[in-house]
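Beneath this line is the structure, given in C-alpha cells, with notes to follow.
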Amino acid sequence: MPPVGTATSAPARSGSPSRSSFPPRGGSPLKPHNHPRALKPTPISAANSTTIATKTHLSNLDRVLVKQPSSQPPQLTHDVGRDHDPNKPDHLGGATAAGGGGGIGLLHALNLPSLFPFLRKPAADEMSPRSLTHLQRLLSNSPRPSPKSSIASRWRLYHGAEDWSGLLDPLDENLRRELLRYGDFVQAAYHAFHSRPEASSPARHRHLILPDRSYRPTKSLFATSSLSIHPWVNSSAPARMTQSSSWIGYVAVCDSDREIRRMGRRDIVIVLRGTATCLEWAENLRASLVPMDSPDASSSEVGQHVPKVARGFWSLYKTAGEQVSSLSASVVEEVRRLMEVYKGEELSITVTGHSLGAALAFLVADELSTCAPSVPPIAVVSFGGPRVGNQAFADRIEKHHGVKALRIVNAHDVITKVPGLPLPHLREKYEHVGSELRINSRDSPYLRPDAGPACTHDLEAYLHLVDGFTGTGSPFRSSAKRSLVRLLDQQRRNVKDVYVNRARELVVDPTAAVVRSNPHGCLASPTT
C-alpha cells in the first residue's frame, strides 16, 4: 500500500525513491520536487515523506562510508525491474549500495558528518581512510607510478646545489619523488641480500631487480670486517651472518634516454643497505674516533682539527676480503670507469643508504670527491643514519670537498642520535653532516603513537613518512598513495588495529601479497 498522503500513481517503495523521481542530468538529486516530472506529495505528509527518504539515504550513506559492516546489514531497495549489481553506482552521488563501495562525489563534498553529528565515527575511525575503496587501493600491490615532472632545468637544486633551501619544509613534490626512488633502491638492496644469501659472487647484481627500470646495475659492492668471530658463534649461526665479507650494495646508472632528458643529466647511484650480519653489528659498536689519514694513530696523538670517523665504519669501508676488494676500492674503480664511459655527458653522483649504509655513504662520497681531476656533483641521501665523524670531518666533506648531504631523520629514531655524548677519554664529539629533513612517526594516521625502535628506524616506515610529510605542523598528506602492504608486513604490531582489521576484512594477506605481486619484493613508489 502506498504511504498515506502520497500520489497513488507511484509504485510503493520501502526505502529510497525510484530513479525516475530524480531530475535528469544537471538537476539536483537532493531536491527532486523541483523537477516537473517528480511526484508531488500532498502537503499533509510532505514532511513525513521527506524525513523517511532522508533517513533512508543517510542509512545507505552510513554503510557506504568506512563503518565496519554489521552482521545483519539493513535491507536495501532497488528500482523495479533492475537487478542489483554491487559494481553499478546507485543514485547516491555515485556510491555503491554494497558495504565495500567508495563514497565519493557530491556527498563527500557536502561533509555530511559535520552537518549531522550522529554520523560521526569514534576517534579511531576518523583517522582511517574515508572509504574502504581508498584503503583497498593503499593495500594494493599493483604498481601505479605517478607521472614525473621534468626537473631538467632545476636538477642541481634538487641535487643539493643550494642545500635544498626552500624545498624541505614544506616538502617539494618533485624532491619527494626523488627521495622515495632512492629509498626504494635501498629496499631493493635489503631484499637482494636476504632473499639470496647464498649468492656471494661478484655477479650478484644480476639477480637484482630495481624498482625503477630506468637504472641499470653495473657492479656489486662488498664490505669486509677486520674482526674475527668467536668459534662457538661461528658454528651456531648461519654462514651468511658470520662471514667476514658480505654483499652490501651496488652501483647503478641511469640508462634511459627519456629519464635522462627528464632529469637533465645521467645519474650514477651508489646504494648501500644497513646492518645485517653479526660482524657488522660488532663493527657498529666500535665507536672510538680514528684519524682518516692515519687510522692506527691514537686520538691523543692527533689534534682536534684532524678529520676523524668511527673505527667500525672505517674498518668496513677500507678492509679488503680474501676474494673481494674493499668497498673503498670497488666504488672508486667503478665510478671512474663510468665517468670514462660517459665522458662528455652531464653527470651526477648520488650515494644513498640506510642506517649503517647511510654512515658508509658519507665515507664513499668523501673519497669520490677527490678520485678524479673533474668529478660530477656529489650528493648523499641518508635514511636514518648515525653520526659518522667529528666536526673536522663534517667541515672537510662539506666545505672542502663540496659534497652535499641530506639526512632524513625520524624524530623518534634513536639510531640517528648515536654516538651522542663525547666519549669519556676524548674531548671531542661526533657531529652530523649536511641538511636535515625531520619527519615524525607520530604524524602518521596509520602507525601507533607508541611504536617502538624497530618501527621508528625501519626503512619502509621512513618512506611511508616521507610520502605523507607535507610540512612541520601540517597534517599527514591525504593524497599519499604509497602501498601499505610492506608496512603491514614488516610492522604489523606497530600499525593501528583499525587498519589491521580492515586489511583482514578486505582479505589482504600482506606477506602473501608481496610475494604474489613481485617475487623480488621490489615495490614501486606510487606517489603524487
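What follows is calculated from the coordinates using simple rules that are stated; it is not laboratory data. Source: prediction; values computed, not measured. Methodologically, a virtual Cβ is constructed for each residue, glycine included, from the backbone with ideal geometry; neighbour enumeration extends over all protein chains shown.
Can you give the extra length, in nm with one decimal, that the chain gains between Ala329 and Leu227 once fully stretched, where that is 0.36 nm per residue apart less the Cα-Cα distance?
Details: separation 102, 0.36 × 102 = 36.72 nm, distance 1.94 nm.
Additional length available on full extension: 34.8 nm.
Once you have the Cα-Cα distance between Cys371 and Gln304, take 0.36 nm times their residue separation minus that, and quote the gain in nm to one decimal.
Numbers: separation 67, 0.36 × 67 = 24.12 nm, distance 2.56 nm.
Answer, rounded to one decimal: 21.6 nm.
The label-point distance for Glu436 and Val500, in a model that sets each label 7 Å from Cα toward Cβ, rounds to 3.2 nm.
Using Stokes-Einstein with the Kirkwood hydrodynamic radius over Cα pairs, what translational diffusion coefficient do you get for region 388-499 at 20 °C and a viscosity of 1.002 mPa s, in µm²/s rounded to a whole number?
Using the Kirkwood radius from Cα pairs, D works out to 136 µm²/s.
For Arg336 and Arg492, what does the FRET efficiency come to when R0 = 35 Å and r is the distance between their Cβ atoms, rounded to the nearest 0.05? It comes to 0.20.
Pairs Lys308/Lys417; Lys318/Lys399; Lys148/Lys481; Lys219/Lys318; Lys148/Lys399: which are spaced more than 21 Å apart, C-alpha to C-alpha?
Values: Lys308/Lys417 18 Å; Lys318/Lys399 23 Å; Lys148/Lys481 14 Å; Lys219/Lys318 18 Å; Lys148/Lys399 32 Å.
Those over the limit are Lys318/Lys399; Lys148/Lys399.
Assuming R0 = 25 Å, can you tell me the calculated FRET efficiency for the pair His401 and Asp257, based on Cβ-Cβ distance, to the nearest 0.05? All intermediate terms of the calculation are to be shown ahead of the outcome.
Values: r = 31 Å, r/R0 = 1.24.
For R0 = 25 Å, the calculated efficiency reads 0.20.
Loop-located trypsin sites (Lys or Arg not before Pro) across region 335-405 with a Cβ neighbour count of 15 or fewer within 10 Å are Lys343, with loop assigned by DSSP.
What is the gain in length, in nm to one decimal, between Glu322 and His207 on full extension, counting 0.36 nm per residue of separation less the C-alpha to C-alpha distance? Don't skip to the answer; put the middle values down first.
Working: separation 115, 0.36 × 115 = 41.40 nm, distance 2.27 nm.
Answer, rounded to one decimal: 39.1 nm.
Note on Lys148 and Ser479: the model spin-label points, each 7 Å out from Cα along the C-beta direction, lie 1.9 nm apart.
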